[in-house]
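Colleague: My structure is below; once you've seen it, I'll send some questions.
Derivation of every value follows stated rules applied to the coordinates shown; laboratory data play no part. As the structure is a prediction and not an experimental result, all values here were calculated from the model. In this analysis, Cβ positions are derived from the backbone assuming ideal geometry, glycine residues included, and neighbour counts consider all displayed protein chains.
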Amino acid sequence: MPFSFKQLQIPGLVLIEPRVFEDGRGFFMETYKAPDFAAAGIRGNFVQENHSRSTKGVLRGLHYQNPPSAQGKLVRAVRGEIFDVAVDIRKGSPTWGKWASVILSEENKRILYVPGDFAHGFCVLSEIAEVIYKTTSIYSPESEAGIIWNDAGLNIEWPIKEPVLSERDRKWPTLQNADIRFRYRQKTGC
């Protein structure tokens, strides 16, 4: 299998390590293969792909889209390095308000799967970073929501103290005051 899938400390978050074939010409790797991802529990139908470029110190997030436009994401840094964060925002979840972080970089080629019922954000650690992410739903301005990056209740250990933020990202509410329409549903079955 060309991928290694590792469940992170919050159920649903998956760190993906692709198999990289390198030689004197460069490298080749698969970044997505529906049957392999489905076998690992990632069954989203990816319908949009986004590409961002940011400079050192930029922080984007914490973003999500409410149902019915929730966006599961496959996130990877194709240039530079980012500190990537996902926050469980499923009301009633045993891990509600908990966060997990990973370093995604051009060098490690890792991919993070963020379910649609998590808030997501990242900050740039390198001089420049380019991030590509596939989503399971089309961007919907009416469904867009967010949480302030420095919410004391979340206590995210960002590696930067004074990030460069968009005007929108400066104004998001705290988790306690955010418009969140996700409910935790415990999985049952065999």
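Colleague: Name the residue from Tyr64, Gly41, Gly146 whose Cα lies farthest towards the positive end of the charge dipole of the chain, charges +1 on Cβ of Lys and Arg and -1 on Cβ of Asp and Glu.
Modeller: Gly41
Colleague: Given C-alpha coordinates of the range 35-190, what is the ratio Rg to Rh with the Kirkwood estimate of Rh?
Modeller: 0.95
Colleague: If you don't mind, another one. Beyond 20 Å, what percent of the Cα pairs of the range 20-82 remain?
Modeller: In whole percent, the long-distance tail amounts to 49.
Colleague: Show me the GluC sites (Glu not before Pro) within the range 65-173 that DSSP assigns to loop and that have at most 15 other Cβ atoms within 10 Å of their Cβ.
Modeller: Those that pass, being in a loop and sparsely packed, are Glu106, Glu107, Glu127, Glu142, Glu157.
Colleague: Now a separate question. If you place +1 on the Cβ of every Lys and Arg and -1 on the Cβ of every Asp and Glu, how big does the dipole about the Cα centre of the range 41-190 come out, in debye to the nearest 20?
Modeller: In total the dipole reaches around 520 debye.
Colleague: Across the chain, where is the longest run that never hits trypsin sites (Lys or Arg not before Pro) in a DSSP loop with at most 11 other C-beta atoms within 10 Å?
Modeller: It runs 44-160.
Colleague: Please work out the ratio of the alpha-carbon Rg of the range 135-184 to 2.2 N^0.38 Å and round it to two decimals.
Modeller: Scaled against compact globular proteins, the figure is 1.30.
Colleague: With only alpha-carbon atoms counted, please give the Rg and Dmax of the range 79-170, in Å.
Modeller: Both quantities, over Cα of the range 79-170: 13.7, 39 Å.
Colleague: Using bins 10 angstrom wide from zero, how does P(r) for the range 1-105 break down, in % of all Cα pairs?
Modeller: Bin by bin from 0 Å, the calculated values are 11, 39, 39, 10, 1, 0.
Colleague: So if R0 is 30 Å, what FRET efficiency would Glu22 and Glu49 give, r being the distance between their Cβ atoms, rounded to the nearest 0.05?
Modeller: The value I calculate is 0.75.
Colleague: Another one. Ignoring everything except DSSP H segments at least 4 long, calculate the 222 nm mean residue ellipticity for the chain; use -39,500 (n - 2.57) per segment, divide by total residues, nearest 500.
Modeller: Mean residue ellipticity, 222 nm, calculated: -1000 deg cm²/dmol.
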